[in-house]
1. Mind checking which residues of segment 263-290 are within 12 Å of VAL539 (Cα to Cα) and of a type in the set (Val, Ile, Thr)?
2. Could you check segment 546-586 and list, in sequence order, the residues that are under 19 Å from PHE258 (Cβ atoms), touching a residue at least 60 places away in the same chain (Cβ under 8 Å) and aromatic (Phe, Trp, Tyr)?
3. Identify, please: which residue in segment 292-307 is touching a strand residue (DSSP E or B) at 6+ places or on another chain (Cβ under 9 Å) and among the basic types (Lys, Arg) and is, among those, nearest to ligand 1 (Cβ to nearest atom)?
4. Quick one: VAL40 ticks every box in (1) of a type outside the set (Phe, Trp, Tyr); (2) modelled with pLDDT of 90 or more; (3) under 16 Å from LEU311 (Cβ atoms) bar one, so which box is it?
5. Quickly run through segment 384-403 and pick out the residues that are outside any strand (DSSP E or B) and either farther than 23 Å from LYS349 by Cα or more than 16 Å from ligand 2 (Cβ to nearest atom) (or both).
6. Being touching a residue at least 12 places away in the same chain (Cβ under 8 Å) and either surrounded by fewer than 19 Cβ atoms within 10 Å (Cβ to Cβ) or within 16 Å of ligand 2 (Cβ to nearest atom) (or both) is the filter here, so list the residues in segment 477-493 that pass it.
7. Condition first: closer than 18 Å to GLN273 by Cβ and surrounded by fewer than 16 Cβ atoms within 10 Å (Cβ to Cβ). Now tell me which residues in segment 558-576 satisfy that.
Amino acid sequence: MSPPGKNEVVVQGISASQGIAYGQIFVYIQSDVEVPNYQVDAEKRIAEVGRFEKALVDTRQQITKIKAEVERNLGPEEALIFDAHLLVLEDQALIGETIREFESSGRNIETCFNQISSRYIQAFSEIDDEYLRERAGDIRDVAQRVLQNLLGQAANNLSHLVEKRVVVANDLSPSDSASIDRSAALALVTDSGSRTSHAVIMARSMKVPAVVGVRDLTTRVRNGDWAIVDGYDGVVILHPSEGTLFRYGKIQERKKTFEQRLLQANEQPAVTQDGVKVALMANIERVEELSAVKEYRAEGVGLFRTEYLFLNSARIPSEQEQFVAYKTVAEALAPNPVIIRSLDLGGDKPMAGNPHLFPKEDNPFMGFRAIRFCLVHTDIFKDQLRAILLASAFGKIQLMYPMISGAEELGKANAILAECKAELKARGQAFDEKLEVGAMIEIPSAAATADILAEQCAFFSIGTNDLIQYLLAIDRVNDRIAHLYEPTHPAVIRTLKQIVDEAHRRNVHVSVCGEMAGDPVFAPLLLGLGVDSLSMSPVWLPSVKYLVRSMKMSEARALAQEALRLTSPKEIYAKCDAFYRARVEVE
Ligand code: PEP
Ligand code: MG
């Protein structure tokens, strides 16, 4: 309730974990360890390296202990992040460079480690990919722990929080989140962060509402202030009035009922009211997401973004390492299909620590990326193709190439695939001889030549994220022009229709795996245009399935016909939105 003299203030952030909470705020400020800088005498240099090694061992023990606690309290999935932290401690590049820096500069080991780890953090934080940017946070979290151990400081965390509070932090590392007693956190709010930060992943698994990216909130609130956290709309309401509290109480009740309905619908098949079955698949980036694929009842994986196996590692994973990852997914989901996409590195996803493979470019989105990179670095490409082929003996794997711009590129990729098959035969190793190969359609030139590509493919997967950016010439990660990134632009709708028609004329299956597929406002339009299957982040499956089950395919076709006639993106959006709202009573 607004205390005397304090007016209600509404602040907007990014919705990160759903739910509504009301309570008093606890402000938590995470600050960097202060690192002294001094010269180490020559006779103490061996002992200095020993001190570093001991700090690494101590840090390992602490992280292993936290991991065990998180595993016990939240489950094995949530504890996996600490495996990534343990890997940072084993990173030979980071440790080796620190020791080399120490040997050449003679400065104390804290200074050298701080300097090298900061360089890594900086490199990761500049990557134009939300998920990878968050990895900078992992390195920072571990580095702070190592520095605390070197300096003999106690960790500053949230373990002392016992009363139920809305935690408002400038940032939350996984260690911070792990230190929170789940019964004490009503909600988590951070100044920084994004939807993929680990604090958020943990908030979701703790089932507490979370809002991130609320800029300078920690500077505007005090311990004990009252707030509503609306994790649905990404809003924090400070000093809420009686009226607001009443309204939120009602919203909370309605949302809970609707979510229960979504989850119930998710147990049912994805069949429209007029009896058309729709295939709903999952997009994954890591093997660990298998449990979400199953939990949300996906009918397989429509996009496995394999580059994350590479991006999360300091070196290129071997054929054997990749084989284990692909086989794990294929076996776990068999007989359902798993569409593995070959490497889509480069562009917004360069491999940190490999500048020789990805020199700096002026236009990375139109640069040396994905299939272009693979057709040059054929050794890396072939290791991956052989790993995929070998895994295909253990389930139903399909392969697709990203960023195909035309038939020639597709032909070259397939020729390399044929070489890999011949090599495996020569080695006497089994693979699925009938492995289906598809192309991602995400470049306008591929869309324009869909008729030619369809002759060389078993399926198409339309990457609307990139297709829209290239069709409309709107950089997909540039905030300043984000309002011009319009999935309902007539150019997009017409292009989608043309791709689907050309593919179907040649019996080629069409899926959409861009973000449009997981948005219940757009899914009916895509299905109405004739798209055969939709692949999305697992968490979106219940709401898309709910909509599929509440509409008729004939209605979706009529919506698509109308969209094809209209000329304004806003008007087409309004039609899609109205279609959605008419079938979903509670929003
Ligand atoms: C796309 O471009 O729509 C797509 C699915 O690929 P990514 O988002 O990985 O570029
Ligand atoms: Mg793409």
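The values are calculated or read from the model by the stated rules, or taken from the named source; none is laboratory data. Given the structure is predicted, the values throughout are model-derived calculations rather than measurements. Don't worry about glycine lacking a Cβ; one is built from the backbone with ideal geometry, like all the others, and counts go over all protein chains shown.
1. ILE284
2. Across segment 546-586, the qualifying residues are TYR546, TYR580.
3. ARG305
4. (3)
5. GLN384, LEU385, ARG386, ALA387, ILE388, LEU389, LEU390, ALA391, SER392, ALA393, PHE394, GLY395
6. VAL477, LEU484, TYR485, GLU486, PRO487, PRO490, ALA491, VAL492
7. ALA558 - this is the single residue of segment 558-576 that is closer than 18 Å to GLN273 by Cβ and surrounded by fewer than 16 Cβ atoms within 10 Å (Cβ to Cβ).
Residue-by-condition table, conditions (1) modelled with pLDDT of 90 or more; (2) among the hydroxyl-bearing types (Ser, Thr, Tyr):
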site	(1), (2)
ARG140	no, no
ASP171	no, no
SER177	no, yes
ARG222	yes, no
ALA227	yes, no
